[in-house]
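Asks: The structure's right below; bear with me while I get my questions together.
The values are calculated or read from the model by the stated rules, or taken from the named source; none is laboratory data. Please read all numbers here as calculations on a predicted model, not as lab measurements. FYI the Cβ positions are ideal-geometry reconstructions off the backbone, even for glycines, and counts take in every protein chain you see. The area values use the complete protein model at the heavy-atom level, side chains included, leaving out ligands, DNA and RNA. Shrake-Rupley method; radii C 1.70, N 1.55, O 1.52, S 1.80 Å.
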Amino acid sequence: MWNVVSNTKNPNCDSYDLTVHRSAYCARLLRFPVLLRDVCMKPAPSRSAQVTLTKVRREVDFVSMALRPFCTVATVFAKWKCLTRGQIVPKIRGLQQQAIGKLNRWTSNPTGFGRSAGPREFASANGSDCSDNGDQDVRGFFISTPIFYVNAEPHIGHLYSVALADCLHRQHSLCGLQGKLSTGTDEHGIKIQRAAKQMGRSPSDHCAAISAQFAALFQHANVAATDFVRTTEERHIRAVQHFWQTLLHGGHIYRGHYEGWYSSADEAFLTKDQVKQSGDHRNNITVSIESGQPVDWIGEDNYMFRLSEFGPRLEAWLESSPPPIRPEKFRRFALTWIREGLNDLSISRDRSRLSWGIAVPNDPTQTIYVWLDALVNYLTVTGYPASGYKKWWPCDVHVLGKDILKFHAIYWPAFLMAAGLELPRQLLVHSHWTVDGCKMSKSLGNSVNLEEELQRYTSDGMRYFLLRQGVPESDGDYYQSKITKLLHAELAGTLGGLLNRCVAKSLNPKQIFPPFDSSLFPKASTTSNVTPATDLLTSADYELITTVEALPALVQKHFENARVYRALEAIMACLHQANAFVQHKQPWKLPIMHSDAERAREAAARRDTVLHVAMETLRVCGVLLQPTVPGLAQKLLARLGTSPNTPWKELSCFDAYHGRPCPHAGQSLGPDTGLLFPRLDDVTSLHDFKKSKHSRRTEKADSQS
Ligand code: ME8
């Protein structure tokens, strides 16, 4: 049991390191119900309550962060935080009571606070682990990708969206949050119907075949999705029809007549200002200005959604804090569209024109608009409309490409508002990939065969390239020489090269994680008493320690800002520093054998200390690389003989340097399973070698038969 001692060290520090300031945290948590009661005493909503709430907000932030591993309580505060972020709503009083009750129950047994939650092991306040269908009160962390059209095979852009979402999901798991990552395929609509016809198969056979290709690709790319939804699944059809009825009963749908342009390729209705004429005078067609896709004029009776009524609320949402769309430039695009004015939206098509879709409930003559159908997938995967969906809804992050911003930033939140559901916490929008400088297109024949690429570069290589080069704000270009150069320089060279040095038998004859001699590398604050043995230390050596120690927080910050490329940049910079350190220390020049036993011992201690620092750097980088290159990171950590499952919040480094016992020093290295990331020329020659061996064998067999 902990002692509740107030005012130790820094009780106002908003660090998540619960182990350092336990008692101060505890004291602060115990004070929290008093603050909440204070708010409850005031009539809500009122000006004074608002003032108190502002004061309390900082406290709420602290408590909800500190209690995150104890989801039952944390959920309450997450909801509470959500409400206090906007205006005070009458519902708040009930929530306050609930929060106080839960907190009081919890504070009467604060010992549970010491339990640490590993990845995907999310401990609840009562000590039980929560499962997907368990306690509805327990909020999980939910990230989604778009669902992909099955009119064509997957391409590099699809893989990027999924890899980005996967690494954010993995990072949250490593931070101890139970997560859901959903992806899937969008299977309804006229273009799917046409693609199936072109291939000479039924729409359902076609969808099953292409959907399986997406699923296999994501598996080969080591994407740990927890759900793969197909819009032709029964559970999805139920969710869409329920959602439709909710909109209808809320008075948001009416029967109308739509006349205007429609782009089947984008499945989008367009105004006259959104189209232009294209081609020469003989072959003049109308196309969408935004996508360049041909459009058709349609006029039909269908169902309309009262989108025009949602402008002010959508604007308020986009102006709310924290900004619901990132990066900022995409939020501004969405605001501009809203300010230009919103028209009501046609949300069904005549079934005689579109039969491959979900029928409007109680009206078999109409098919639900494919975008309404597709967007509801985010609810389907939460179990909606069954009540357990609240465990996952609202979605924490929708990852999407810039091409579908309007559907996610305007239509989707308007639908949700109309249905009385919470809005997604964040849309993370990314830009596009071109291939060899050109937009990907079948006619240009520049689409990349992803299965071949994954084989050539490995899933880690592909993920590393996409996530290292993909900058959400701007388009990226995919070309092979760039990939090879990057992977050779950074994964094979900087990372693999450093590991090679550390595990080389010539430098590390005992094949262990070597011990650290603090007399050879005293702590920075004691360098005034440097012993003669430290004469080789430079300020750069201390800078390396500082860089590695700051790295976990820096990487975490970049992940929180969805700047994965910056996180990788920082990790690589740190590894460069470590390589320079080893290069400068030249441990290979220290004699292994010496007639003077004392000199030999000192040389060994110096060598071990250099390798220890380099291997600690590798270990920290390995842990931090797990979300982006999971296979490679596991291989690295296994070779170092350290645990691959270190949760980020338990990541401490340079224990020996700080005078703490180091759990790794002296431990045996893991088995040698070959180069960490072989250069592609090595792989190619290995392939060629295997191929030629195989063909020699085949030739021999042929000649014998
Ligand atoms: O739009 N670069 O599906 P879709 C990067 N089914 N990412 C790209 C890209 C490129 N060149 N091209 C596509 C649909 N993407 C709908 C979505 S969601 C409810 C329904 C990625 O197969 C990007 O994430 O056209 C984009 O938003 C998604 O693929 C669209 O894929």
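Asks: Testing Phe521 on (1) in contact with a helix residue (DSSP H, G or I) (Cβ under 7 Å, 6 or more places away or on another chain); (2) modelled with pLDDT of 95 or more; (3) surrounded by 19 or more Cβ atoms within 10 Å (Cβ to Cβ), one condition comes back false. Which one is that?
Replies: Failed condition: (2).
Asks: Continuing with this model, one more query. Quick one: Tyr262 ticks every box in (1) away from the ligand (no atom under 16 Å from the Cβ); (2) in a strand (DSSP E or B) except a single one, so which number is it?
Replies: Unmet for Tyr262, out of (1) away from the ligand (no atom under 16 Å from the Cβ); (2) in a strand (DSSP E or B): (1).
Asks: If a residue has to be open to solvent by 70 Å² or more (accessible area, probe 1.4 Å) and modelled with pLDDT of 90 or more to count, how many in region 664-693 make the cut?
Replies: 7
Asks: Could you look through region 288-310, keep only residues that are at pLDDT 95 or above and open to solvent by less than 10 Å² (accessible area, probe 1.4 Å), and pick out the one that is farthest from Leu342 (Cα to Cα)?
Replies: The qualifying residue farthest from Leu342 (Cα to Cα) is Phe305.
Asks: What pairs come up if the first residue lies in region 315-327 and is within 13 Å of Met417 (Cα to Cα), the second is open to solvent by 50 Å² or more (accessible area, probe 1.4 Å), and their beta carbons are under 8 Å apart, counting only those six or more places apart or on different chains?
Replies: Glu315/Arg339
Asks: Which number in (1) within 16 Å of the ligand (Cβ to nearest atom); (2) at pLDDT 95 or above marks the one condition that Lys442 misses?
Replies: It is condition (2) that Lys442 fails.
Asks: Being of a type outside the set (S, T, N, Q) and under 21 Å from Asp273 (Cα atoms) is the requirement here; does Gly357 meet it?
Replies: So Gly357 does not fit the description; no.
Asks: So, in region 448-497, exactly how many residues are within 16 Å of the ligand (Cβ to nearest atom) and surrounded by 16 or more Cβ atoms within 10 Å (Cβ to Cβ)?
Replies: So the answer is 15.
Asks: Scan (1) touching a Lys or Arg at 6+ places or on another chain (Cβ under 9 Å); (2) within 9 Å of the ligand (Cβ to nearest atom) for the single condition Ile404 breaks and write down its number.
Replies: (1)
Asks: Pro514 - would you say it is more than 13 Å from the ligand (Cβ to nearest atom), in a loop (DSSP other than H, G, I, E, B), under 30 Å from Leu590 (Cα atoms) and open to solvent by less than 10 Å² (accessible area, probe 1.4 Å)?
Replies: When the stated conditions are applied, Pro514 passes them.
Asks: For region 601-611, does any single residue satisfy the condition of being over 17 Å from the mean Cα position of the chain (by Cα) and either outside any helix (DSSP H, G or I) or within 20 Å of Ala489 (Cα to Cα) (or both)?
Replies: Taking every residue of region 601-611 in turn, none turns out to be over 17 Å from the mean Cα position of the chain (by Cα) and either outside any helix (DSSP H, G or I) or within 20 Å of Ala489 (Cα to Cα) (or both).
Asks: Which one is farthest from the ligand (Cβ to nearest atom), of the residues in region 424-439 that are surrounded by 19 or more Cβ atoms within 10 Å (Cβ to Cβ) and part of a loop (DSSP other than H, G, I, E, B)?
Replies: Checking each candidate, the answer is Gln426.
Asks: Quick check: anything in region 211-219 hydroxyl-bearing (Ser, Thr, Tyr), closer than 18 Å to Tyr378 by Cβ and within 14 Å of the ligand (Cβ to nearest atom)?
Replies: Yes; the residues of region 211-219 include at least one that is hydroxyl-bearing (Ser, Thr, Tyr), closer than 18 Å to Tyr378 by Cβ and within 14 Å of the ligand (Cβ to nearest atom).
Asks: Every residue in region 213-255 that is surrounded by fewer than 16 Cβ atoms within 10 Å (Cβ to Cβ) and in a strand (DSSP E or B), please.
Replies: Tyr254, Arg255
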